[in-house]
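Laboratory data are not the source of any read-out in this text; all were calculated from the coordinates shown. Please read these numbers as outputs of a predicted model, since none were measured by experiment. Counting neighbours? That spans all protein chains shown, and the Cβs are built from the backbone with ideal geometry, glycine included.
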Amino acid sequence: MIGHRLFHKKNNIYIIYNDNIENFDLSTSDIPKDGLLKKNIYIATIEIDESGNSKKLKQITSTKNQNSVFNPSEVIKIEKDLFHLTTMKEGKYYFTTLQLK
């Protein structure tokens, strides 16, 4: 993973990270493909519940041809369970608000 942030809400953990777009359709139990720096990137989110079950959420990039990336050092906590981060999607920068429910 190049660039990641961990968040938690109640008994769930959320990992947001920059991943290889070739891993877009892989489940969390599949072995990811290598070569992140040579491939297109997207922002992946994995939710892990209290039983250790995990699932991939597609919040920022919704289709495989949309490149997106974020800088973990620019994630700013606004208040409990509310964060701001700068994302880039398809060559444009966005201010994104993340709220953990």
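Residues ILE60, ILE78 in ascending order of nearby Cβ atoms (within 10 Å, fewest first): ILE78, ILE60. Please compare each pair in LYS9/LYS33; LYS9/LYS58; LYS77/LYS101 to a cut-off of 26 Å on the Cα-Cα distance and tell me which ones are over it. Long pairs (Cα-Cα over 26 Å): LYS9/LYS33. Split the chain at each of the GluC sites (Glu not before Pro) in a DSSP loop with at most 12 other beta carbon atoms within 10 Å, and the longest piece is 1-49. Stokes-Einstein diffusion of the stretch 1-100 at 10 °C, 1.306 mPa s viscosity, Kirkwood radius from Cα pairs, rounded to a whole number: 114 µm²/s.
Taking every C-alpha pair closer than 8 Å and separated by at least 6 residues, the mean separation divided by the residue count of the stretch 6-93 gives a relative contact order of 24 percent. Potential lengthening of the chain between LEU82 and ASP49 amounts to 9.9 nm, from the contour at 0.36 nm per residue minus the alpha-carbon distance.
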